[in-house]
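One structure is given below, encoded as structure tokens.
The values are calculated or read from the model by the stated rules, or taken from the named source; none is laboratory data. Since this is a predicted model, take the numbers as computed values, not measurements. Here Cβ is always computed from backbone atoms with ideal geometry, including for glycine, and neighbour counts include all displayed protein chains. To get the accessible areas, we keep the full protein, side chains included, count just its heavy atoms, and leave off ligands, DNA and RNA. Shrake-Rupley method; radii C 1.70, N 1.55, O 1.52, S 1.80 Å.
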Amino acid sequence: MNGRFDQGIDVSHADLRGTGAGLVETGTTWLEAVGALRAHLEGEGDPWGEEAGSMVKAGYLAVTRKALEVYEELGERQVTSGDDVHVMEADYRDTEQRNLEDAAWNKLAIERL
């Protein structure tokens with residue numbers, strides 16, 4: 001997409017498709033990494049011990065759980081945003097096609113006058 005807003009926006013279907021695909025790929029890769037991190041952390045077991053570690057454990061587990069939720073949500077939103085950009089590209093293409101058809105019809109109507 002190029003241009004200034006006051007001069008209109010030049011939208012490229014290829015740019016929209018590429019952006020959508022990039023967002024989906026990034027989100028998917030992110031979700032895979034979060035899954036691997038979750039598996040690693042869960043595989044660590046309980047390294048806290050009985051004394052000082054037990055006081056830290058509850059806070060650590062709560063923060064870790066929330067962080068993983070947020071990381072997963074970010075990845076999911078990236079995938080969803082990519083899907084939305086693909087829909088935008090299809091809608092834009094359909095609108096352009098309808099505009100071309102309308103322009104052709106209008107041209108015929110004017111010629112008949």
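Solvent-accessible surface of the chain, taken per residue with a 1.4 Å probe and all protein chains present: 76 Å². Please identify the trypsin sites (Lys or Arg not before Pro) of region 1-106 that satisfy two criteria: DSSP loop assignment and at most 15 other Cβ atoms within 10 Å. Which are they? Those that pass, being in a loop and sparsely packed, are 4.
Remark on the chain: hydrodynamic radius 18.4 angstrom, per the Kirkwood mean of 1/r across alpha carbon pairs. Remark: region 36-48, residue by residue, has Karplus-estimated 3J(HN,Hα) of 5, 5, 4, 4, 5, 5, 5, x, 6, x, 10, x, 7 Hz, where x stands for each Gly or Pro and the curve is 6.51 cos²θ - 1.76 cosθ + 1.60 at θ = phi - 60°. Note on the chain: helix-only mean residue ellipticity at 222 nm, from DSSP H runs of 4+ residues weighted -39500 (n - 2.57) and normalised by residue number, equals -30500 deg cm²/dmol. Split the accessible area of the chain by element, probe 1.4 Å, and carbon with sulfur accounts for 57%.
Comparing 51, 72, 96 in a Gaussian network model of the chain where C-alpha atoms under 10 Å apart are linked, the largest mean-square fluctuation is found at 51.
Using a simple spin-label model with pseudo-atoms 7 Å out from Cα toward Cβ, residue 109 and residue 7 lie 3.2 nm apart.
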